[in-house]
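Quick note: the coordinates plus some simple rules give every number you see, no bench work behind them. All values reported here derive from a predicted model rather than from experimental measurement. Cβ sites come from the backbone with ideal geometry, for glycine too, and all protein chains shown count toward neighbours.
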Amino acid sequence: MNSLTVDFLCQYLLNQIADNCLGVATDKSGCCVLQQCVEYAKGETREYLVGEIIANALLLAEDCYGNYVLQHLLDLRVPEITNKLLRQLGGSYMALSCNKYGSNVVEKCLMESGEQNAAQIIMELLNNQTASMLLLDPFGNYVIQSALKVSKGDVHVALLNLVWKNSPMMRSNIYGKKVLAWFEKKKFLHPDMHCKNVRRYPHEDFLQQ
C-alpha cells in the first residue's frame, strides 16, 4: 500500500468522522479519538472537521464528553478557530454557565480566548437580567470566579459591583460563600461586607452603557 493510498484512506476516515462528529464527540472513547483527529488532520480536511464540531458546539458544550472536545479546540489557541467557536456560543453563555458541563466550557473560553474576548463574554453575562443568579448557582459561581480572575478595568469593576450588590444574600448561600471566599483571599473589601478597610469603586453605571 503506497503513501497516496494511505493518505486517501486517512482523509476518507477523517471525513466520515466529521460527518458523524456529534455521535463521535458524545461517546466516551469517541471524544478522545476526535481530539486526536483534530491534531492529525491538515488543510481542508481539518477545516471541515473543526467546522462540524463548531456547528454542534451548543449540544457538545452540555455533554459530559463533548465538552472536552470544545475545550481541546480552545487549547489549540488558534485565533480563527477560537473566534468561530465563541461566535457560535454567543447568546448562550448564561445558560451554559448554569450547566455542569457547559460551565467548564465557559470557564475555558474566559481563560484561553484573550482579554478582549473574555470581556465580551463577561458583559453578555452581566447584561442578562438574571446575572445575579450566577453567584448562587452550583456551577455559575465558578464561572464568576474565573471571570474575576481574567477581567480588567471597567469590566472587572462591573463584576465587583455585582458581587457587592448581592453580598447579603450570598452570605447565606453555600455557593455564594465560595465567591465571597475569593474576595477574602484577594483582599477586595467593601463597606457592604462590614470591613474596616474600605476600597471604593463606581456603581454599576458601566452595565447601563
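Here are the numbers:
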{"quantity": "Net lengthening on full extension, TRP182/LYS28 (0.36 nm per residue, minus Cα-Cα)", "calculated": "52.1 nm"}
{"quantity": "Sorted peptide list for 89-99, 74-84, 138-148, 174-184, criterion being average Cβ within 10 angstrom, highest first", "calculated": "138-148, 89-99, 174-184, 74-84"}
{"quantity": "Estimated inter-spin distance, MET169 and ASP154, nm [label 7 Å along Cα→Cβ]", "calculated": "2.7"}
{"quantity": "Equivalent ellipsoid semi-axes - Cα gyration tensor, the stretch 1-81, angstrom", "calculated": "22, 14, 10"}
{"quantity": "Gain on full stretching of the segment that runs from ASN15 to LYS42 - 0.36 nm per residue minus C-alpha separation", "calculated": "8.6 nm"}
